[in-house]
């Protein structure tokens, strides 16, 4: 599948590859549509963040800051609802006494620097952020939110990466050994995923495909906490996990990996989320594009090993990928 950001990825391939972070047991799945916190006990075993800081040198760009509403420029602050789960998107390194780290954290921080404002970050569970945007609790939200046709009815997006849906099994499980390209490959199996996610909606909407194919239906088990999905996989209570491409690929790439990645199923643009009609979107789009232009964006993705999700330009409310 051809993905956005080919130009950036081509340039990044010449750079040295990112050293893999050590796996912590029962790694929580990334929060693109997967719920927020890490499982009990996992925080203390979470890996440290990479030492390099591509955000440190980012400077404000007055012409882009001028795109913000006057009241925001005067306040000098943007409130962001942030879903924190696990690497590489957003997680608590070395326990929750540390500030969150990850690709989403770095991109949001760099955008704020371009705009000359301070982020007031509020950690929140994944499923609560989008509803809270309409009430004005947050100016925008981050949680590796996939851009879908349904969400576009009530939410505005400014894209910053291209991620999406994928599958994984417990390492050594031979029930599935090839990439999952059709949901009929999962007939008769039990699939675990996060509550309120695009994964849950996809699986539920397509649950009839097995009966149409004359096969036993798959079962969907939904978990409120991201870490509970991985725990269920390791304990054999589910056969396969559906979650984010980047999160599953990162997890399976660790030296002590307990899972095997079964490939990409459906790509989705991922973006900052705003209430419908927000006046903030032009400014944040311009800030992301400035980071792409000046190379900061490429360095952030290189840091987190997510260069395959690079985009060439940020867009406001693109249509969902077919």
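The values are calculated or read from the model by the stated rules, or taken from the named source; none is laboratory data. Note that this is a predicted model, so its numbers are computed, not measured. Every residue, glycine as well, gets a Cβ built from its backbone with ideal geometry; the counts of neighbours run over all protein chains shown.
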Checklist entry - If you go through region 146-162, how many residues are modelled with pLDDT of 95 or more and assigned to a strand (DSSP E or B)? => result 8
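Looking only at region 165-176, which residues are surrounded by fewer than 24 Cβ atoms within 10 Å (Cβ to Cβ) and part of a strand (DSSP E or B)?
169, 170
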Checklist entry - Just for region 203-235: of the residues that are part of a strand (DSSP E or B) and within 17 Å of residue 188 (Cβ to Cβ), which one is farthest from the chain's Cα centre (by Cα)? => result 219
Checklist entry - Can residue 84 be described as in contact with a strand residue (DSSP E or B) (Cβ under 7 Å, 6 or more places away or on another chain) and at pLDDT 90 or above? => result no
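Table: residues versus (1) buried (at least 20 other Cβ atoms within 10 Å of the Cβ); (2) closer than 30 Å to residue 219 by Cα.
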| position | (1), (2) |
| --- | --- |
| 237 | no, yes |
| 259 | yes, yes |
| 266 | no, yes |
| 276 | no, no |
| 294 | no, no |
| 315 | no, no |
| 320 | no, yes |
Checklist entry - Does region 231-262 hold any residues that are touching a strand residue (DSSP E or B) at 6+ places or on another chain (Cβ under 6 Å) and closer than 17 Å to residue 308 by Cα, and which are they? => result 244, 245, 246, 248, 249, 251, 252, 261, 262
Item to check | Yes/no for residue 245 being assigned by TED's automatic domain parsing to the domain that holds residue 61, touching a residue at least 12 places away in the same chain (Cβ under 8 Å) and either within 27 Å of residue 160 (Cα to Cα) or surrounded by fewer than 16 Cβ atoms within 10 Å (Cβ to Cβ) (or both) | outcome: no
Checklist entry - Which one of the conditions (1) over 24 Å from residue 250 (Cβ atoms); (2) crowded, with 24+ Cβ neighbours inside 10 Å does residue 69 fail to meet, given that it meets all the rest? => result (2)
Checklist entry - Restricted to region 195-205, and to residues that are crowded, with 16+ Cβ neighbours inside 10 Å and out of contact with any strand residue (DSSP E or B) (no Cβ under 6 Å at 6 or more places or on another chain), which residue is nearest to residue 246 (Cα to Cα)? => result 197
Checklist outcome for this item: Over region 106-135, the set of residues in a loop (DSSP other than H, G, I, E, B) and modelled with pLDDT under 95 is 124, 125
